[in-house]
């Protein structure tokens with residue numbers, strides 16, 4: 001009788017990252033950064049600025065380091081404490097790229113062919129896309145597993161990539177008779193605001209790459225600009241409904257209600273109970289006032305960090321050292337397991 005596979009017995013560890021491309025916005029804050037700050041009190045957390053992922057499409061070399069500092073500043077301004085969580089740039093920790101190559105030799109082409117996000121991003125131009133963009137999910141698996149992370153706070157659009165990470169971890173463990181070596185990372189999808197949509201189209205996610213700046217609220221927007229964008233946000237001719245069921249088929253209204261709920265730590269139904277039957281001439285100003293109140297200290301803190309790049313750079317350098325200290329011995333074990341000479 002064969003032995004049951006060993007369970008992973010290492011520490012619980014959270015890993016996540018954000019690309020340094022475009023301006024950080026309300027969707028990033030509510031969907032990720034706010035949760036990052038909360039999770040650091042419950043778990044060991046590692047938060048990366050994924051610049052290696054960013055260059056799967058062309059990035060201006062003069063702008064990339066500036067954007068890397070901006071993401072780090074957004075982490076810090078949102079409450080991520082470098083004394084409690086590790087913040088670092090992906091490219092400064094060699095374990096990411098080394099493990100990605102090993103995983104390229106474990107993952108199957110058919111697995112990558114099923115990844116819908118590549119199809120969505122490439123459209124009809126798949127053959128003109130970089131190999132890196134196609135291989136993005138394998139690097140993502142390496143990002144997570146270089147630290148043996150057990151949990152990943154992800155949006156619905158990233159769940160398929162996390163499933164691939166689990167498949168790669170399982171296959172590595174099986175192929176090299178290393179049962180329980182890599183954990184099978186679990187998604188953390190909880191709380192309001194997991195998916196904030198565009199202010200101009202409630203069927204599309206709020207995005208840094210959207211050509212319309214009015215589609216998003218940037219974390220560096222001032223109070224007047226936030227209020228203006230919310231005032232111009234697309235709605236419909238109705239009023240705020242009384243029930244969540246009545247939000248069906250009204251994506252823009254559902255989005256604004258969801259944003260209010262996420263900012264006020266309320267459920268959708270609690271927001272509807274507060275504003276039911278009222279027009280958007282009442283609801284939008286209330287939402288704008290709430291957004292300005294919640295974002296003002298974050299914007300001020302973020303601008304302070306952006307004005308002090310040397311301080312941010314020190315945090316990133318220390319974070320890279322700490323991240324390497326965790327990943328280096330794990331990669332050493334991987335080399336031994338795979339049988340490399342001198343490992």
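General observations
- Of all residues in the range 329-343 being part of a helix (DSSP H, G or I) and out of contact with any helix residue (DSSP H, G or I) (no Cβ under 9 Å at 6 or more places or on another chain), the one that is nearest to residue 176 (Cα to Cα): 336
- Residue within the range 143-156 that is part of a helix (DSSP H, G or I), surrounded by fewer than 19 Cβ atoms within 10 Å (Cβ to Cβ) and at pLDDT below 90 present: yes
- Residue within the range 83-95 that is over 17 Å from the mean Cα position of the chain (by Cα), more than 30 Å from residue 304 (Cα to Cα) and assigned to a helix (DSSP H, G or I) present: yes
- Residue in the range 205-227 that is closer than 14 Å to residue 258 by Cα and in contact (Cβ under 8 Å) with a residue 24 or more places away in the chain present: yes
- With respect to the conditions (1) exposed (fewer than 14 other Cβ atoms within 10 Å of the Cβ); (2) in contact (Cβ under 8 Å) with a residue 12 or more places away in the chain; (3) within 26 Å of residue 50 (Cα to Cα), residue 277 falls short on a single one, namely (3).
- Note on the range 244-260: residues that are outside any helix (DSSP H, G or I) and in contact (Cβ under 8 Å) with a residue 12 or more places away in the chain amount to 1.
- Test: residue 263 is modelled with pLDDT of 95 or more and either part of a helix (DSSP H, G or I) or under 27 Å from the mean Cα position of the chain (by Cα) (or both): no
- Hey, residue 241 part of a loop (DSSP other than H, G, I, E, B), over 17 Å from the mean Cα position of the chain (by Cα), surrounded by 15 or more Cβ atoms within 10 Å (Cβ to Cβ) and at pLDDT 95 or above or not: no
- Lone unmet requirement of (1) in contact with a helix residue (DSSP H, G or I) (Cβ under 8 Å, 6 or more places away or on another chain); (2) surrounded by 17 or more Cβ atoms within 10 Å (Cβ to Cβ); (3) closer than 27 Å to residue 222 by Cβ; (4) not assigned by TED's automatic domain parsing to the domain that holds residue 67 for residue 272: (3)
- Index of the failed condition, residue 269 passing every other in (1) under 30 Å from residue 136 (Cα atoms); (2) at pLDDT below 95; (3) part of a helix (DSSP H, G or I): (1)
- Number of positions in the range 48-70 that are closer than 19 Å to residue 125 by Cα and in a loop (DSSP other than H, G, I, E, B): 5
- Looking only at residues of the range 246-269 that are out of contact with any helix residue (DSSP H, G or I) (no Cβ under 9 Å at 6 or more places or on another chain) and closer than 19 Å to residue 217 by Cβ, we find that the one that is surrounded by the fewest Cβ atoms within 10 Å (Cβ to Cβ) is 265.
The values are calculated or read from the model by the stated rules, or taken from the named source; none is laboratory data. Just so you know, these numbers come straight off a predicted model, no measurement behind them. All Cβ positions, glycine included, derive from the backbone under ideal geometry; neighbour counts span all protein chains shown.
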